[in-house]
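J.: Handing you a structure now.
The values are calculated or read from the model by the stated rules, or taken from the named source; none is laboratory data. Treat the numbers as computed from the prediction; the structure is a model and nothing was measured. Neighbour counts are summed over all protein chains in view; Cβ atoms, including those assigned to glycine, are modelled from backbone coordinates with ideal geometry. We work out accessible area using only protein heavy atoms, side chains counted, and drop any ligands, DNA or RNA first. Shrake-Rupley method; radii C 1.70, N 1.55, O 1.52, S 1.80 Å.
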Amino acid sequence: MSVGLPSRGWAGPRAGTFAPRRRSRLGRAFAAGGVARSWDWPLILVTCALTAGGTLLVWAATEPSLRAAGLDPHAYLKKAMLWAALGLILMFVTSALDYRRIRRAAPVLYGLSLLLLLAVLAVGQSVNGAKAWIALPGGFQVEPSEFAKLGLILSSAWLLARHSRKDEELLTGKSAKGAGRARLRDVALAVLAAVPLIALVEREPALGVMFVLVFTLAGLVVLSGLRLYWVLGLLGGVAGALYAVAKLHLLKGYQLTRLTAFLHPDQNLAGAGYNGLQAKIAIGSGGLFGQGLFHGTFTGGNFVPSVQTDFIFTVAGEELGFVGCAVIVVALSFIVVRSIRAARLADDLFGLLVASGIAVWFAFQSFVNIGMTIGIMPITGLPLPFVSYGGSAIFADMIAIGLLNSVRRHRPANP
């Protein structure tokens, strides 16, 4: 009779030995159904490429003059790279947020925008006749008017979408009465809420930003579903306000000079018309392929003012030629088109208005900046989105891209 002996062979794996490892937060973000999988990656890649190109243009615009002055030729490059890196972080953080949660914070963000604009009028630094910057430790500055664009878009979208049927259903979980369009009362509240922002920006004065705010607000009102006759009445009111500004002489002296130089460019080429003339000459001298980076005669020789900010497009024209300018225009147009696409994919009126407002902002500001360098728009001091030098501008631009990605996610927040 045999006696059973205990088996000394392999008894198999322990329970849980081959259990799947817990993925990292980054891995979960990029996994199927993850947050990052729903982002608009073509938009992100074009934005990064345009920002990198802008950083290179800022370096090419400032390196010759800094080297000639015996200063660090990479000073602007280092800061531009820092702004771009911080801007990308802000973009990804905003992209990871649910825009319906951002919606709940819209009144707070609007209040912060107002406080910053009041602060810049109280303690801001005056540069080139505009009190638009708040000095920070370490030689840094913040420009509140750039963030006012975001404040206006979010607050106006929040007010216009408050009583749309789908927005009420998503926020309350209950069936809501009414059409999916803004009410006249909400439109009036949105306009009244925007007036302080626009007025404070005008007081700096920052005429270009003021026009961006006005056109963005007009676009939001039109897209909110307001009846056509009310839209026409609102446009008539805006036209009347602009006429009153001109008749009551509310514009500053240098603003009138710029407007006169645009209307009559040949009358004062040595004075008010000088900037526009030099910009057009610099762009025209670039030809098809340009003179090469760091080889611009006009932009590198300080013939064009504010070359790293308002007139950065002249650097592209002179050093990269028509081809380089066309690439920038195509990239900006792509960003505007993707913004419109995000608006079309939005689940509610608030998301549609946020994405549409960003599209209007980028399109109008790009058109004005490029237009003033080629002589078809007056000089207003607006930066070129993602290309011009400036921390506040690039931060606001990147946050806007994050909002577009957030709108695309289609993940309703729990009420």
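J.: Within the range 367-391, how many residues turn out to be of a type in the set (S, T, Y), open to solvent by less than 10 Å² (accessible area, probe 1.4 Å) and closer than 25 Å to L45 by Cβ?
T.: 0
J.: Of everything in the range 296-328 that's touching a Ser or Thr at 6+ places or on another chain (Cβ under 8 Å) and aliphatic (A, V, I, L, M), which residue is farthest from C48 (Cα to Cα)?
T.: V304
J.: Of the numbered conditions (1) surrounded by fewer than 24 Cβ atoms within 10 Å (Cβ to Cβ); (2) outside any helix (DSSP H, G or I), G321 satisfies every one except a single condition; which is it?
T.: Just one mismatch for G321, condition (2).
J.: I'd like the full set of residues that are closer than 15 Å to A400 by Cα, open to solvent by less than 40 Å² (accessible area, probe 1.4 Å) and either modelled with pLDDT of 95 or more or not charged (D, E, K, R) (or both), limited to the range 85-109.
T.: G87, M91, T94, S95, Y99, I102, A106 - these are the residues of the range 85-109 that are closer than 15 Å to A400 by Cα, open to solvent by less than 40 Å² (accessible area, probe 1.4 Å) and either modelled with pLDDT of 95 or more or not charged (D, E, K, R) (or both).
J.: Looking at the range 115-130, I want the residues that are over 13 Å from A148 (Cα atoms) and have a partner that is open to solvent by less than 30 Å² (accessible area, probe 1.4 Å) and of a type in the set (D, E) with Cβ atoms under 6 Å, at least 6 apart or on another chain. Which pairs are those?
T.: A130/E204
J.: A further question on this structure: Which condition number does G351 fail, the rest of (1) under 22 Å from Y110 (Cβ atoms); (2) modelled with pLDDT of 95 or more; (3) crowded, with 24+ Cβ neighbours inside 10 Å being met?
T.: Checking G351 against (1) under 22 Å from Y110 (Cβ atoms); (2) modelled with pLDDT of 95 or more; (3) crowded, with 24+ Cβ neighbours inside 10 Å, the one that fails is (2).
J.: Determine whether L43 is in contact (Cβ under 8 Å) with a residue 40 or more places away in the chain and either assigned to a helix (DSSP H, G or I) or of a type in the set (F, W, Y) (or both).
T.: yes
J.: Same structure again: Among what's in the range 178-197 and is assigned to a helix (DSSP H, G or I) and in contact (Cβ under 8 Å) with a residue 40 or more places away in the chain, pick the residue that is surrounded by the fewest Cβ atoms within 10 Å (Cβ to Cβ).
T.: Restricting to residues being assigned to a helix (DSSP H, G or I) and in contact (Cβ under 8 Å) with a residue 40 or more places away in the chain, the top hit is L184.
J.: Let me ask something additional. Can you report the number of residues in the range 123-139 which are open to solvent by 80 Å² or more (accessible area, probe 1.4 Å) and in a helix (DSSP H, G or I)?
T.: Selection size over the range 123-139: 2.
J.: A355 is checked against (1) among the aliphatic types (A, V, I, L, M); (2) under 14 Å from the mean Cα position of the chain (by Cα); (3) closer than 30 Å to F140 by Cβ and fails just one. What number does that condition carry?
T.: (3)
J.: Checking G34 against (1) of a type outside the set (S, T, Y); (2) modelled with pLDDT of 90 or more; (3) within 30 Å of S333 (Cα to Cα); (4) assigned to a loop (DSSP other than H, G, I, E, B), which single condition isn't satisfied?
T.: (2)
J.: Within the range 354-365, which residues are open to solvent by 10 Å² or more (accessible area, probe 1.4 Å) and either within 19 Å of T309 (Cβ to Cβ) or touching a Leu at 6+ places or on another chain (Cβ under 6 Å) (or both)?
T.: Hits for the range 354-365 are S356, F364.
J.: Regarding the range 65-84, can at least one residue be identified that is among the charged types (D, E, K, R), within 23 Å of the chain's Cα centre (by Cα) and either in a helix (DSSP H, G or I) or modelled with pLDDT of 95 or more (or both)?
T.: Yes - at least one qualifying residue is present in the range 65-84.
J.: Considering each of G391, G371, G321, G381 in turn, give the residue that is over 19 Å from S145 (Cα atoms) and either touching a Pro at 6+ places or on another chain (Cβ under 6 Å) or touching a residue at least 12 places away in the same chain (Cβ under 8 Å) (or both).
T.: Of the residues listed, the single one that is over 19 Å from S145 (Cα atoms) and either touching a Pro at 6+ places or on another chain (Cβ under 6 Å) or touching a residue at least 12 places away in the same chain (Cβ under 8 Å) (or both) is G321.
J.: Quick one: would you say R344 is without any contact (Cβ under 8 Å) to a residue 60 or more places away in the chain, among the charged types (D, E, K, R) and open to solvent by 30 Å² or more (accessible area, probe 1.4 Å)?
T.: Criteria met by R344.
J.: How about the range 276-292: which of its residues are open to solvent by 50 Å² or more (accessible area, probe 1.4 Å) and either in contact (Cβ under 8 Å) with a residue 60 or more places away in the chain or not in a loop (DSSP other than H, G, I, E, B) (or both)?
T.: L277, K280, I281, G284, listed by residue number.
J.: Confirm whether A52 is open to solvent by less than 10 Å² (accessible area, probe 1.4 Å), in a helix (DSSP H, G or I) and among the small types (G, A, S).
T.: Considered against the rule, which asks whether it is open to solvent by less than 10 Å² (accessible area, probe 1.4 Å), in a helix (DSSP H, G or I) and among the small types (G, A, S), A52 comes out as no.
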